Amino acid sequence: TVIHGMVFFKQPPQTSANFNYCQLKLNQVTGSFTLSSYRMFQVMRFAVQEINNSSLILPNVSLGYEIFDHCSDTFNFQAILNMISRNGSIQVLRCVNEYVSKVIAVAGPFRSMESMTVAPLFAMNLIPMVNYGSSSSVLSDKWKYPSFLRTTASNKDLIQLIILIIQHFNWNWVAFVSSGDENSQNGLQLFKSKLKDTKICLAYAKELNEMSDHYEILQQLEDLSIEVIIVFARQSSAVAFIKSAIKHNIHSKVWIAGDSWSLNKNLPRLSGIKAIGTIIGITETVMPLPGFKDFVYLSHTQRNNRPTTCEQTPSGRTCNQACDLCSDVSPEEIIGENPSYSFATYSAIYAMAHALHNLLLCDIKGCSDNVTVYPFMLLQELKRSNFTILNRHIEFDSNGDPTCTSYAIVFWNQSGQAQKVGSYETDPAVDVPFSINNTKIHWYADQVPVARCSPECSEGFAKKKDGLHQCCFQCNVCPGMTYVNYTDNPYSCINCRKTEWSKPGSTFCTQRSVEYIPFTDPVAITLMFSTGVLLALTLAIVILFALNYDKPVVKSAGGPMCFLLLGCLSASSISVFFFFGKPTVTNCVLRYFLFLLFYTVCLGCFAVRSFQIVCIFKMATKFPKIHSWWVKHNGQWWLIAIVFVLQLLLLTTVFTASPPTPVNDMTSYRDQIILKCAMSRTVIMFLLLTIVLASLCFIFSYMGKDLPKNYNESKAITLYLLFLILTWITFCTASILYHGKYLQLFNAMSVLSSSYSILFCYFLPKCYIIIFQPQKNTQQHFQGIIQRYTQNISSK
């Protein structure tokens, strides 16, 4: 049997404590012996002896103890019940301070299930149990185990350390192999619960028992392509499993060893252990015990020189407390055995001694002999433990667990030694609680192994779950205007907000730039300056025509109609200034209203002017009555007035019902928000009149294509109309192909070009004649031209 001992401290008398000792006998039922447990037994004896020999703790008081090998619950309950009985019977207590038990404290047992079995019995009398090996987190429940404390760490810290190691190396596809004992099962449950907040997937979990087919388990691990295997099992099960891995030629794996076997001394010596891969273990930091080595050698010498006082093992199948094989163990074997739980055992004994020291009001002179110590008093004092031993602080939290535990991360190196490569501290005051020196680990492949179900997605790719585990996925690129947030949800592409944009395969969205043409834009400044020049030219032409109002050139250009035409031209050109700056309702309305109203009047003037020219040279001779009526009733002014009123009504009606409004164009460009003015579809209503007038102008001007060369107003108007049509065809083509902010510049340029075409094609040639060819600006010159044209028409 494994020598998982329970140490019972006897109730000390008022003066001193008796020291009772009996050798351990081998359990004949199982016929096994565990050297690591025997080492813990020797550490316990060493601690008791140190305390009894110390003048600083419990002076003049000697601790006595009895030790029992907890080989089986069935065989050991008799001894346990005897410890908590009173005069051979167990009574239900009315008050804990009315009972003086045979023992005041218990150290052990080692395994979690054994502790869970016996702890409720000791809890009835609030007899404190200070444990050194049971790490199941279930024992932290003080409702069930009120008198249980421990100097070894809880599984929750061990499992947390394993997860930190996995995360440190960026692994997420692991297996967890446990055994059937409570400690291993609790570790598996904790591991599963902690995985919920991580990106680690438990690909495989298996419980080892005596009937387990190791080859089948190892084959399943191979089939699932699992590279990292956590073996959190009791030592005997773990050793058997690793030996099977060697036997079946398992190669290139990472084995994470639980604390039960991470410092095993025999496995690293096995042939083929290096071939199975890299072994990383976790264990509480090993603390050397000064004087323990000398104690072991001295105890061995004394035992050999002392006659056996205990009876030999009977031949019957019973579990007793004699140990036939203990004398066969050499001091070197004890000293060289797994030291994992040595300090936990050592500190458990000292914790009870310190608590007893305080209860007995001990000082340097001695302890009080007038104090009766009850178990519940010792339990309360243990919970207040706060002392330092071998530079380690000992204190318990509200769950009876140690507040500060130091762990070592070890690597089984090429020489078969457990080399420390990292550490983990549960003390919150430590600045860097977890650390691993990667350079000290020599991997079987000379680099950190990859243990993932699926390769990590490239940046900007969302994961699509493939199977049951979140670690198994396919990678799909996120389309434009979406992004993937690996922190919140790596499994979906999130739409950007309306004011944001992103490229395909993005991990974030970028704020869209807001685009419009400011007044400070160089092109805008150029256009506004050009508009100013046009207004200046228009004013100059008005002055020039006013000074030459009675001259034939001005009269032939339309006379007073020229001033209306120039005035409307100036008014329509002012609309250019409203194409720049951040769009508002006001400048959206004015940029279209001014141009469409006054430029339509310009077209109306040209339509009338074209009609008049045709009437003078053609209709006057062919249709004299119609010409007479037109002149008599000033038909040209009525027509212009009708055009103005009709266009004004149309614009007012449409702009009132559905005015041009500033809009944010978010569809044309993914990375820009274009601020522009939106026109409703009813714009065709007031464009219709403009188109009709332009068409009439072109028809009438074409009818006058054969007029006198030196007196051909129709040709000037036709040329102007060609420029006008070309300008707006160019703008319409640009608006179809381009939707950026500079489309407003094209619009302003089209407006300005339409105005300049009137000046250059119609007015500037007349200004040239007035200024540079005054001989042609006479009544005789024009009458001669008209007479020659009339004679030609008559002869035809």
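The values are calculated or read from the model by the stated rules, or taken from the named source; none is laboratory data. Predicted model only: the values in this text are computed from it and were never measured. Glycine gets a Cβ as well: all are built from the backbone with ideal geometry, and neighbour counts include every protein chain shown. Ligands, DNA and RNA are stripped out before the accessible areas are found, and what is left, the full protein with its side chains, is counted by its heavy atoms. Shrake-Rupley method; radii C 1.70, N 1.55, O 1.52, S 1.80 Å.
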Is it fair to say V608 is open to solvent by less than 60 Å² (accessible area, probe 1.4 Å), farther than 30 Å from D665 by Cβ and at pLDDT 90 or above? no
Out of A205, A245, A240, A233, I need the residue that is buried (at least 18 other Cβ atoms within 10 Å of the Cβ), small (G, A, S) and either over 19 Å from S154 (Cβ atoms) or in contact (Cβ under 8 Å) with a residue 60 or more places away in the chain (or both). Which one? A245
For segment 355-367, does any single residue satisfy the condition of being in the same structural domain as V48 (by the TED database), of a type outside the set (S, T, N, Q), buried (at least 23 other Cβ atoms within 10 Å of the Cβ) and within 24 Å of F292 (Cβ to Cβ)? yes
Report the residue count in segment 709-752 for those that are in contact with a strand residue (DSSP E or B) (Cβ under 9 Å, 6 or more places away or on another chain) and open to solvent by less than 30 Å² (accessible area, probe 1.4 Å). 2
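Each row is one residue, and each column tells you yes or no for (1) part of a helix (DSSP H, G or I); (2) at pLDDT 90 or above; (3) touching a Gly at 6+ places or on another chain (Cβ under 7 Å).
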| position | (1), (2), (3) |
| --- | --- |
| I230 | no, yes, no |
| S237 | yes, yes, no |
| A240 | yes, yes, no |
| S260 | no, no, no |
| S271 | no, no, no |
| L289 | no, yes, no |
| F295 | yes, yes, no |
Within segment 258-289, the count of residues that are open to solvent by 10 Å² or more (accessible area, probe 1.4 Å) and of a type in the set (G, A, S) comes to 5
Run W501 past the list (1) under 30 Å from S757 (Cβ atoms); (2) touching a strand residue (DSSP E or B) at 6+ places or on another chain (Cβ under 9 Å) and report the number of the one that doesn't hold. (1)
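So which residues in segment 171-200 are surrounded by fewer than 17 Cβ atoms within 10 Å (Cβ to Cβ) and touching a residue at least 24 places away in the same chain (Cβ under 8 Å), if there are any at all? Don't jump to the end; show me each part of the working.
If we filter segment 171-200 for residues that are surrounded by fewer than 17 Cβ atoms within 10 Å (Cβ to Cβ), which is where we start, we get 180, 189, 192-194, 196-199.
Once the filter is applied, which keeps residues that are surrounded by fewer than 17 Cβ atoms within 10 Å (Cβ to Cβ) and touching a residue at least 24 places away in the same chain (Cβ under 8 Å), segment 171-200 yields G180, K194, T198, K199.
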Conditions: (1) in contact with a helix residue (DSSP H, G or I) (Cβ under 7 Å, 6 or more places away or on another chain); (2) of a type in the set (F, W, Y); (3) under 30 Å from N476 (Cα atoms). F461 meets all but one. Number of the miss? (1)
